[in-house]
1. Using the Karplus curve 6.51 cos²θ - 1.76 cosθ + 1.60 with θ = phi - 60°, work out ³J(HN,Hα) for each residue of the stretch 254-262 in order, rounded to whole Hz, and write x for Gly and Pro.
2. Using Cα centres only, tell me the gap between the stretch 372-412 and the stretch 691-724 in whole Å.
3. If I model the stretch 288-427 as equal point scatterers sitting on the Cα atoms and use the Debye formula, what is log10 I(q)/I(0) at q = 0.13, 0.15 Å⁻¹?
4. So who's got an amide H within less than 5 Å of the one on Ser100, skipping anything under 5 residues away but keeping other chains? H placed 1.01 Å off N, in plane.
5. Reachable aspartates and glutamates from Lys575, Cα under 19 Å, same-chain residues fewer than 8 places away excluded?
6. Let me know the charge dipole size of the chain about its Cα centre in debye, to the nearest 20, where only the beta-carbon of Lys, Arg (+1) and Asp, Glu (-1) is charged.
7. Find, among the GluC sites (Glu not before Pro) in the stretch 170-249, those assigned to loop by DSSP (not H, G, I, E, B) with at most 16 other beta-carbon atoms within 10 angstrom.
8. Compute the Rg/Rh shape ratio of the chain: radius of gyration over Kirkwood radius, all on alpha-carbon atoms.
Amino acid sequence: MRSHDTQSPLGNVKLSRRQFLVSSAAIGASLVIGFSLPGQLINKVNASGQNHFSPNAYLSIGKDGSIAIVVALVEMGQGTYTSIPMMIAEELEVDMSQISVEHAPADEINFGHPLFGKQVTGGSASIMGAWAKLRQVGATAREMLKTAAAKEWGVDVGLVVAEKGSVRNTQNGKVLKYAELVDAANTIPVPTEVKLKVPSEFKLIGTSAARVDTPSKTNGSATFGIDVKLPGMKVAAVALCPVIGGTLQSVDSVAAMKIAGVRQVLQTDEGIAVVADHYGAAKKGLAAVKVTWQEGANATFSNDVWLNQLKKAIQQKGQVGTNQGDFASSWAQAGTKHQASYETPPMAHATMEPLNATLHVRKDGCDVWLGTQAQARVQSFVAKELGLPPESVVVHNHLLGGGFGRKLDVDYVVSAAKFAKQVNYPLKVVWSREEDIQHDAYRPYFLNEVSAVIDSKGYPTAFGHKIAGSAVITRYEPAWLSGIDFDAVGEAESPYDIATKHVEYVRDEPPAGLLTGNWRGVGTTHNSYVTECFFDELAHKAGIDPVQYRAQLLKTNPRLLATLHLAAEKFGWDKTAMPKGTGAGVSVIRSWGSFATLISEVTVSGSVVKVNRMVCAVDCGVAVNPDGVIAQVQGGLIFGLSAALHGTITFQNGRVTQSNFHDYQMVRMNEAPKIEVFIIPSTENPGGMGEVSTAAVAPSVLNAVFAATGKRLRSYPVTAALLV
């Protein structure tokens with residue numbers, strides 16, 4: 001375990017697609033297999049076994065029999081600490097019971113995501129990025145151990161096999177455990193190529209494994225960022241200006257300082273933090289402080305202002321994201337056409353673990369304890385705020401009590417650093433639920449205009465989609481872009497077989513101080529909602545069954561078509577009679593290399609929508625841990641259902657009006673539908689599953705509401721839209 005980690009609760013690197021370099025290092029009594037970037041110093045093992053590179057270790061095999069795997073893709077409930085070790089263990093030929101899992105430190109170079117380069121966890125890309133790269137970690141170690149055993153026995157390596165953490169001589173049955181081969185394996189040259197298993201050879205991959213993090217989470221021993229306790233630590237409750245972009249004007253802390261346990265009241269331009277011996281005292285102190293805010297230029301901002309801004313923006317010419325055929329000519333010459341305008345409301349994340357960060361700032365460095373989706377980003381931003389070199393900021397990452405993209409951003413950590421640098425002890429800064437919801441990195445408000453040219457049979461021959469809204473990725477990481485913001489136009493062209501398509505995007509940002517950010521599949525969630533509802537409109541206009549209509553347009557997309565057929569079969573689409581007020585809606589989703597169809601059954605009474613049943617069929621390629629895939633689908637559906645039924649953030653007088661779960665509501669237990677998930681067996685490379693089902697919910701539910709009521713909703717949450 002690394003010296004700057006605080007626990008072992010239970011990694012990836014930007015690599016060339018053409019080359020994957022694996023190297024070994026002797027560290028203490030362990031054999032370590034690490035990654036090295038092309039162009040960097042490649043590890044060489046000299047006669048003394050000394051390393052000549054900075055090891056980026058993912059796998060450690062000890063003489064005591066321990067096998068530790070460092071996972072750079074953080075665990076926030078999606079199962080990375082199980083599925084990624086499964087891939088390494090598969091190639092290494094060890095059981096899951098033989099391994100332990102550790103958090104990765106902040107290290108952009110060595111633990112950058114294979115697809116993104118940056119050290120981030122998000123975008124449904126963990127398994128996709130790790131699939132070949134981390135399996136090769138296990139395979140390389142396996143071959144080095146086999147070679148070491150073959151040399152010791154004086155036989156050809158082809159006569160030895162690896163199994164269950166040991167190497168066996170097939171000639172005489174002799175066995176050496178991996179632990180016994182550590183020294184010998186350190187002398188073996190690193191193979192430049194190793195053979196990975198094919199799906200028919202898998203023993204672990206494709207089987208449902210127990211979650212590595214479940215025992216500690218159920219017995220209470222798991223440590224999340226908010227659980228951190230340090231000697232001499234104080235706790236702060238914060239209040240930031242409630243008006244976006246507003247600042248602190250004056251503070252009267254006399255009453256607060258009289259409360260037992262309160263130690264200090266800290267100030268920054270953006271707000272205050274009341275420091276106390278414990279959070280209860282800090283909260284009482286915060287309530288007693290008299291604060292005057294300078295509201296600034298955004299004091300009249302509202303959702304109506306934001307929407308009007310988008311309506312003006314969408315009239316402008318935008319960047320072209322997709323240009324297939326000549327849409328303008330097709331539209332001009334069309335006999336039959338259809339248009340619609342859709343809104344996607346702003347959303348908060350409302351993770352179960354509110355924002356928090358603990359920092360100990362010193363003259364020569366800083367330690368940060370938290371749960372983040374972007375360890376290296378925390379390191380660099382905190383270092384900049386404190387005027388320190390990045391290497392002097394040590395990030396201790398922990399389990400996340402939910403992320404959903406919120407903890408890709410580090411604004412709250414920088415805010416905590418501004419308070420923590422004013423004291424000489426470790427300071428835990430905790431945002432209340434209210435502060436968390438009212439100072440989020442919100443999913444943006446989007447306005448969409450969609451158009452189709454329709455042939456004599458009712459099918460589209462040309463499709464247009466114009467989007468106006470905030471460019472999340474452009475703000476977050478411009479280096480990822482090669483032109484248009486790919487998240488803003490993600491899946492905006494629809495997955496359907498249409499000869500002519502045109503997607504256009506107008507970037508339009510809200511006022512400074514209103515942070516927009518990643519929200520569990522931003523591009524797919526807002527664009528697939530629009531396209532799937534719109535194509536449902538086209539099916540109704542043509543008088544064609546919605547499933548049959550989609551099937552006709554998916555003939556060149558067999559994987560997505562297969563999910564449509566399977567979901568319809570399992571739901572009983574052609575056999576289920578719906579009583580009055582009840583309807584079923586379908587949506588098909590293609591995202592992050594995976595494919596899914598969701599069919600939802602709803603009953604509508606007035607403005608109350610009860611979702612009775614959800615049937616989801618998915619093709620995610622190889623399902624590394626099928627039980628994990630099912631859990632991801634179920635969780636994504638509930639998350640998406642909360643948004644579809646209840647979710648919106650409302651700005652009024654520059655303030656967010658929602659504050660807690662009573663007015664930013666999650667799906668309650670009595671609202672949860674029956675969920676059925678079906679996985680299509682596949683040997684294709686894995687796709688992502690973290691966001692696919694979330695994106696499918698809103699269109700499926702809104703289409704079901706139409707089937708039940710005949711009322712076409714072009715915005716949500718549903719409960720509010722039905723009242724309009």
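The values are calculated or read from the model by the stated rules, or taken from the named source; none is laboratory data. Worth saying up front: this structure is predicted, and the values here are computed from it rather than measured. Positions of Cβ are backbone-derived with ideal geometry, glycine not excepted, and every protein chain shown enters the neighbour counts. In case anyone asks, the SASA skips ligands and DNA or RNA and just uses the protein heavy atoms, side chains included. Shrake-Rupley method; radii C 1.70, N 1.55, O 1.52, S 1.80 Å.
1. 4, 5, 5, 6, 7, 7, 4, x, 6
2. Taking the Cα centre of the stretch 691-724 as reference, the centre of the stretch 372-412 is 37 Å away.
3. -0.82, -0.93
4. Ile67, Ala68, Ile69
5. Hits, sequence-local ones excluded: Asp545, Glu601, Glu676.
6. The dipole of the chain has a size of about 340 debye.
7. Taking the stretch 170-249 and a limit of 16 other Cβ atoms within 10 Å, the loop GluC sites (Glu not before Pro) found are Glu193.
8. 0.99
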